[in-house]
Amino acid sequence: MKNLKIAIQKSGRLNEKSVQLLKNCGLDFENYKSSLITIVSNFNLEILFLRDDDIPDYVEQGIADLGIVGENVIDESLAKVDYLQRLGFGKCTLKLAVPKDSNFNDIKDLDGKSIATSYPNILGKFLKDKQISAEIHPISGSVEIAPGLGLSEAICDIVSTGGTLKNNGLKPFADVSTSEAILIGRAGLAENPILCELLQRIQSVLRAKETKYVVLNVEKTNLPQITELLQGVKSPTIVPLAEEGWVAVHTVIPEEDFWGKINTLKSAGAQGIVVMPIEKIIL
């Protein structure tokens, strides 16, 4: 069977987590730090290491079959690709920012002003939707310095923590769009068996990351209340304990409401709670 090619960022904020995701899927590959391409030894897949800005176009053109890239890069490229899976990492926000001492109070205050950005396509659509007429200055590199140099009155750039804005005397003004890492594919690839297998592996890893495996002890008299509180993959597993009148309950709990659920279970009589990470969940 012919190998598929997947493109990921060679260096930058998505590289490490993209590599880790593929390895967590059981893919075995080496020498990725010194190569532009590497072959997975135990799966029909080749990995290309590219500039993130090139990935959407390479996938659209069929040079790569798949890609892992930020949603902001896809939207800016205008490439026609299929969104296959949101990956839950590399989250950030494309924001408008203005000097701290500026008098901008409303998004409409940008009308007639100049904005520097590395994302002119995304920003242009945003301004059009808001019916704002502003001059867009496309800039590559350090967009944050543009107001200080007198090149623009505002900027539009990716913000993760806000530290860079603060260091350059800027403050967030409005959100333009949010972004995270996305698995994309070229058109017509959806039924490919290699892709289907890869997607199953990726989704099993993502499900596991979002849940915890929990074992707790409870008296049988409290069991109905405990099982009512639990929502596992299907239903909790109940195992009798050596001590008469007690059982062990095995289940999974979503990470997002983990602590609230644990405290509720304790109040309902759960004891000896053991929490373990899950490597994969395959449905």
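Any read-out appearing in this document is the output of simple, stated calculations on the displayed coordinates, not a laboratory observation. The model shown is predicted, which means the values in this text are computed figures rather than measured ones. All Cβ positions, glycine included, derive from the backbone under ideal geometry; neighbour counts span all protein chains shown.
Which value, in Å to one decimal place, does the Kirkwood hydrodynamic radius take for the chain when every pair of different Cα atoms is included? Mind dumping the intermediate values first?
Working: mean 1/r = 0.0451 Å⁻¹.
For the chain, inverting the mean 1/r across all distinct Cα pairs yields 22.2 Å.
Dipole size of the chain about its Cα centre, with +1 on Lys/Arg Cβ and -1 on Asp/Glu Cβ: approximately 280 debye, rounded to the nearest 20. Remark: spin-label model distance LEU229-ARG86 equals 3.0 nm, labels positioned 7 Å along the Cα→Cβ axis.
Charge dipole (Cα centre; +1 on Lys/Arg Cβ, -1 on Asp/Glu Cβ; no other charges) of region 92-179 amounts to roughly 120 debye.
When a/c is below 1.5 the answer is rounded, else prolate if a/b is larger than b/c, else oblate, so apply that to region 239-282 with a ≥ b ≥ c taken from the square roots of the Cα gyration tensor eigenvalues.
Since a/c reaches 1.5 but b/c is at least a/b, the shape of region 239-282 is classed as oblate.
Would you be so kind as to identify which of ALA146, ASN105, ASN121 lies farthest towards the positive end of the dipole of region 92-179, taking Lys and Arg as +1 and Asp and Glu as -1 on Cβ and the Cα centre as origin? Farthest towards the positive pole: ASN121. Taking R0 as 35 Å, what FRET efficiency do you get between GLN61 and MET276 from their Cβ-Cβ distance, rounded to the nearest 0.05? Efficiency, rounded to the nearest 0.05: 0.20.
Rounded, prolate or oblate: which one fits region 15-143, using the alpha carbon gyration tensor with axes a ≥ b ≥ c (rounded when a/c is under 1.5, else prolate when a/b beats b/c, else oblate)? Prolate is the answer for region 15-143, as a/c is 1.5 or above and a/b outweighs b/c. Near LEU45, once Lys and Arg are set to +1 and Asp and Glu to -1 for all other residues with Cβ below 10 Å from its Cβ, the sum equals -2.
Quick check on region 1-160: of the DSSP beta bridges with both residues there, what percent are antiparallel, nearest 5%? Kindly include the intermediate steps, with their values, before the conclusion.
Values: 8 of 23 bridges.
In region 1-160, DSSP labels about 35 percent of beta bridges as antiparallel.
When each of the peptides 67-73, 273-279, 183-189 is scored by how many other beta carbons lie within 10 Å of its residues on average, the order from highest to lowest is 67-73, 183-189, 273-279.
With n ≥ 4 as the cut-off for DSSP H runs, can you work out [θ] at 222 nm for the chain, using -39500 (n - 2.57) per run divided by the number of residues, rounded to the nearest 500? Numbers along the way, then the final one.
Working: 8 runs with 73 residues, N = 283.
The helix contribution divided over the chain gives -7500 deg cm²/dmol.
Its Cα gyration tensor gives region 92-179 an equivalent ellipsoid; the semi-axes, largest first and in whole Å, are 17, 14, 13.
Determine, from the Cβ-Cβ distance of LYS33 and SER160 and an R0 of 35 Å, the FRET efficiency 1/(1 + (r/R0)^6), rounded to the nearest 0.05. Don't jump to the answer; show the numbers that get you there.
On the way: r = 23 Å, r/R0 = 0.67.
Approximately 0.90, to the nearest 0.05.
Near VAL69, the amide H atoms lying under 5 Å from its own belong to ILE182, ILE184; only residues 5 or more places off or on other chains count, and H is placed 1.01 Å from N. Full extension of the chain between THR93 and THR264 yields a length gain of 58.1 nm, computed as 0.36 nm times the residue separation minus the alpha carbon distance.
Suppose we keep just the DSSP beta bridges with both residues in the chain; what percent of those would be antiparallel, to 5? Looking only at bridges with both residues in the chain, the antiparallel portion is about 75 percent.
For the pair GLU197 and THR178, how long in nm is the line joining their label points, each one 7 Å along Cα→Cβ? Once both label points are built, they end up 3.5 nm from each other. Computing FRET efficiency as 1/(1 + (r/R0)^6) for LYS220 and LEU283, where r is the C-beta to C-beta distance and R0 is 41 Å, gives about 0.85. Normalised size of region 211-277, defined as Cα radius of gyration per 2.2 N^0.38 Å with N residues, equals 1.00. Note on VAL239 and GLU16: the model spin-label points, each 7 Å out from Cα along the C-beta direction, lie 3.6 nm apart.
The slack in the chain from GLU135 to ASN105, taken as 0.36 nm per residue of separation less the alpha-carbon distance, amounts to 8.9 nm.
The alpha-carbon of LYS2 sits under 16 angstrom from the alpha-carbons of these aspartates and glutamates, leaving out residues fewer than 8 places away in its chain: GLU46, ASP65, GLU191, GLU197. The fraction of all Cα pairs in region 157-273 landing in successive 10 Å bins from 0 to the largest distance is 11, 27, 17, 20, 18, 6, 1, given as whole percents. Averaging Cα coordinates gives a centre for region 227-279 and one for region 86-129; these two points are 46 Å apart.
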